[in-house]
Every structure is written in structure tokens, then in C-alpha cells.
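Worksheet for the structure shown next.
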Amino acid sequence: MPATSPLELPGYDHVYSGKVRDLYTPIGRDGAPRIGELLLVASDRISAFDHLLDPPIPDKGTVLTQLSLWWFDQLADIVPNHLVSTDVPDAVRGRAILVRRLDMVMVECVARAYLTGGGLGEYTASGAVSGIPLPEGLVDGSELPEPIFTPSTKAPMGQHDEPMTYAEVEALVGPDLASRIRDLTVAILVRGNAIARDRGIILADTKVEFGLTPGGELVLADEVLTPDSSRFWPAEEWEPGHPQSSFDKQFVRDWLTSPESGWDRASGEAPPRLPDEIVAATRSRYVEAYERLTGRRFSA
Ligand code: ATP
Ligand code: MG
């Protein structure tokens, strides 16, 4: 469960909390819930190595929300999105958006432009990822000949998402929707990299979520091309053959695995509280990612 409990927001009913976001249903003037909409509030919660860390990272939720909004605009000619309004209660202004409540497509839509993480594991074992054969000789961090769709299941909270083959996605949502979400996911990553690379960031891979409106329109939901949903690598440091430093969580992971933290990852115990300087360094990385990409100054 989240370390911070969701806020009490007058006029909104709390309905769900994920790892990072708290979801609320707006209540109309007549007192009835506006069930077609959701308030999506991004918290400052951060996790690493499957543990929720303490304390949260100040401004992280605002950075994620503002970055998603910026990307929604950059992607508007590729895919419609769930945004209704940024006019939200003062208590969550900047970190929350009002969205269309969608019937979510139950697939984690992952695209990879570079090989690492779970994709690298599959490749090493079989020479393929998600059933897509890849050339020989690729190493950790290699750029793929072209971005590939490597979907996974949307596991309930606390469970791990499992890789799915494309045939499994087709069986779950039908061949027409499967090909549309595959093509859109890849197109989002391609557009993302066309923009990000010039600004010194490689988007190695990303996860997006789609939903359907009651009218059957396919819409981009949740967040998009943020450091939480994607692997951000500093372009100037990219060098295949070893794990790349991650743009955002590098300080947190390095500290947690250093002798200084005194934490034994294998123990199953919760990690120790992050020191102030690690929290501050992590916050600056999130802000830097936002500023590099958008060319805007971040103001909380
Ligand atoms: P994941 O790791 O899959 O993102 P999570 O626990 O991080 O899961 P959060 O991002 O914290 O999830 O919470 C957001 C939740 O809101 C997700 O369950 C997502 O599917 C859902 N969601 C996002 N946009 C919409 C929408 N427009 N309509 C309905 N549900 C949505
Ligand atoms: Mg999420």
C-alpha cells in the first residue's frame, strides 16, 4: 500500500490508488458522481527494486503530470488522449488532471528501441523478444534495427507483469485492436525519440496504456513518455555492452546498493530511509529531464 494516504478532496470521491497515482470520481453539483470522468493525481511516491521508498521525492508528481501533458501535445496528431481539463482543486494543482474515464485495454503496451532489462533476458535465452527474432550479437544497450512491440499482462497490484506474445494480445482483445495498439505504441516511441535524442535523452523503451470511450474510440490514457513509464538514458553516456545509467533513479539505486545504506537487497526487508542529499539529487534529475525535453523552466 502507498506510504502516503490519498488526500481528502472536497467534491471528489477516492476510488483507487496505484503505485503512484490516486484516482477520484468528481461529484457533480447535484451530488451525483460524474462517472464519465476521473481526477488523476500523481503523487511524489517513488519505488526502486520493487519497494516503495521513503521519503517521497518533492515535485515528482508535478513533473510527471506536466511532462505527460507536454507529450500529449507532441503526440496529438498520432493519437487522441484522455485529457479533459487541467482545472483541478488547488490542493493538487499541477499534479492532477481531469480525464475521460475509459474502459482500459488490459495490456501493458511496451515498445523497445534499445535492448535491456527483461527484453535482454528473453533475447539471451532465445534470440527473440516477444516472439520477434532479432539479429545475433546484440548486447545490453544495443539499438534495435527498428522498435518492437513487447506487450505484457496488466498484473494486479503487487504482482509482476508477465510478457505476452502478440498472438496472446490478439486472443485477448481481437486482431483489429491488437494491431492498432501495437502500431500506436511503436509510433509513440519513434516520435518520442525523434524529439528526445536532439535534446540529449534516449528513450530506450516505454510503456503506454490505452482505453476505449463508450463510443468505441481508442484513446491514450494514464501517463506518457515519463521517467516512470520509460527508460531515460543520457544520450552522451550511451555505450552498448553494459547497463546504462538511468536518468532518474540512478542516485537512489546506487545508494541503496552501496555499503553506506547498509541494506541487504536479498533480505526481503524494506530499504532504509533515503538521506536528504539522495532525495535532492533525485528531484533534480526529474526536473532536469523535464527541462531538457520541454525546453521550459520547471516551476512547482
Ligand atoms: P502501472 O505500473 O501499470 O502503471 P500503477 O500501479 O503504477 O500501475 P498508477 O499509475 O499509480 O498505476 O495508477 C494509474 C491507474 O489509473 C492505472 O491503473 C491506470 O490503468 C488507470 N488509468 C489511467 N488513465 C485512466 C483512464 N483514463 N480511465 C480509467 N483508468 C485509467
Ligand atoms: Mg502507472
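Some points to look at:
- The Cα trace of the chain gives Rg and Dmax of 19.3, 63 Å, the first to one decimal, the second as a whole number.
- The residues of the chain expose, per residue, 47 Å² of accessible area to a 1.4 Å probe.
- Gyration tensor over alpha-carbon atoms, the stretch 106-156, equivalent ellipsoid semi-axes in Å: 19, 11, 9
- Rolling a 1.4 angstrom probe over the stretch 177-300 with all protein chains present gives an accessible area of which 47% lies on carbon and sulfur atoms.
- Based on alpha carbons, the Rg and Dmax found for the stretch 72-133 are 18.0, 51 Å.
- Listed residues Asp222, Asp54, Asp77, most fluctuating in the chain (Gaussian network, C-alpha, under 10 Å): Asp77
- Convex hull of Cα atoms in the stretch 96-231, direction-averaged projection (nm²): 9.2
- DSSP loop GluC sites (Glu not before Pro) with at most 11 other Cβ within 10 Å excluded, longest remaining stretch of the chain: 9-135
- Measuring nothing but protein heavy atoms, the accessible surface of the stretch 12-101 at 1.4 Å probe radius is 48 percent carbon and sulfur.
- In this calculation the C-beta distance from Asp90 to Arg292 is compared with R0 = 41 Å, giving a FRET efficiency of 0.90.
- Span per principal axis, largest first, for the Cα atoms of the stretch 1-112 (Å): 45, 36, 26
The values are calculated or read from the model by the stated rules, or taken from the named source; none is laboratory data. These figures come from a predicted structure and were not determined experimentally. Cβ sites come from the backbone with ideal geometry, for glycine too, and all protein chains shown count toward neighbours. To get the accessible areas, we keep the full protein, side chains included, count just its heavy atoms, and leave off ligands, DNA and RNA. Shrake-Rupley method; radii C 1.70, N 1.55, O 1.52, S 1.80 Å.
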